[in-house]
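The values are calculated or read from the model by the stated rules, or taken from the named source; none is laboratory data. Here the structure is a predicted model, which is why all the values come from computation and not from measurement. In this analysis, Cβ positions are derived from the backbone assuming ideal geometry, glycine residues included, and neighbour counts consider all displayed protein chains. Each accessible area value is taken on the protein alone, full model and side chains, heavy atoms only, with ligands, DNA and RNA left out. Shrake-Rupley method; radii C 1.70, N 1.55, O 1.52, S 1.80 Å.
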Amino acid sequence: MIKIKFKNFLSYGNGWTVIDFNPRLNLISARNGSGKSAIIDAISFVLFGKPYREIKMKNLVNQVNKKHLEVEIEFEIGNDQYKILRGIGPKRFEFTKNGETVDVLSSQKLNQIEIDKILGVKYLLFKNVMCIGA
């Protein structure tokens, strides 16, 4: 993963929060209630369309601003660069590979199963392995 940015996501407000990741190992450490778990929820939401924790989708939207939740992630797999954007209020979804919009993979419309194939990981594996201790 290279970078994630989000706004109006849980306790994060209308300004973009941007996190650049180290290509090897990343440690997020802070006091309780500071938004660490929200970062994991944002990664899960943008990649899989649902949060890491058991949170209703409507509750992901910042309760002060109540709209324009957006999460964007950039990552590389091999020599390919990907970007996924998901949003709520209004609903948005964009998926690009090497700067080109991806609409169709295989012979079907782009869906989460196809995205999981690209990622090489499904939501359950992400939930059980990628975020131990969240």
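Let's see how each residue does on (1) touching a helix residue (DSSP H, G or I) at 6+ places or on another chain (Cβ under 9 Å); (2) under 16 Å from VAL129 (Cα atoms):
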{"position": "ILE2", "(1), (2)": "no, no"}
{"position": "LYS7", "(1), (2)": "no, no"}
{"position": "LEU10", "(1), (2)": "yes, no"}
{"position": "THR17", "(1), (2)": "yes, no"}
{"position": "PHE21", "(1), (2)": "no, no"}
{"position": "GLY33", "(1), (2)": "no, no"}
{"position": "SER37", "(1), (2)": "no, yes"}
{"position": "ALA42", "(1), (2)": "yes, no"}
{"position": "ARG53", "(1), (2)": "yes, yes"}
Tell me whether segment 7-26 contains one or more residues that are modelled with pLDDT under 90 and among the aliphatic types (A, V, I, L, M). yes
For segment 17-52, how many residues meet the condition of being farther than 15 Å from ARG86 by Cβ and in a loop (DSSP other than H, G, I, E, B)? 15
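Which of the residues that make up segment 53-104 are in a loop (DSSP other than H, G, I, E, B) and either open to solvent by less than 40 Å² (accessible area, probe 1.4 Å) or of a type in the set (A, V, I, L, M) (or both)? Reasoning before the result, please.
Narrowing segment 53-104 to residues in a loop (DSSP other than H, G, I, E, B): 53-56, 62-68, 78-79, 89-91, 98-99, 102-103.
The answer is ILE55, ASN62, VAL64, GLY89, VAL102.
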Looking at segment 76-99, I want the residues that are closer than 20 Å to TRP16 by Cα and have a partner that is of a type in the set (S, T, N, Q) and surrounded by fewer than 12 Cβ atoms within 10 Å (Cβ to Cβ) with Cβ atoms under 9 Å, at least 6 apart or on another chain. Which pairs are those? TYR82/ASN98; GLU94/THR101; PHE95/THR101
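Results for (1) out of contact with any strand residue (DSSP E or B) (no Cβ under 9 Å at 6 or more places or on another chain); (2) over 14 Å from ILE2 (Cβ atoms); (3) among the polar types (S, T, N, Q), shown as yes or no for each residue.
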| position | (1), (2), (3) |
| --- | --- |
| SER37 | yes, yes, yes |
| ILE55 | yes, yes, no |
| ILE73 | no, no, no |
| PHE95 | no, yes, no |
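If you take the residues in segment 105-134 that are of a type in the set (Ser, Thr, Tyr) and modelled with pLDDT under 80, which one is least open to solvent (accessible area, probe 1.4 Å)? Before the answer, list the steps.
Our first condition is that a residue be of a type in the set (Ser, Thr, Tyr); within segment 105-134, this holds for 106-107, 123.
Going one step further and asking which of them are modelled with pLDDT under 80, we end up with 106-107.
Details: SER106: 92, SER107: 116 Å².
By that ranking, first place goes to SER106.
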Would you check if there is a residue in segment 28-35 being open to solvent by less than 80 Å² (accessible area, probe 1.4 Å) and within 23 Å of ASP116 (Cα to Cα)? no
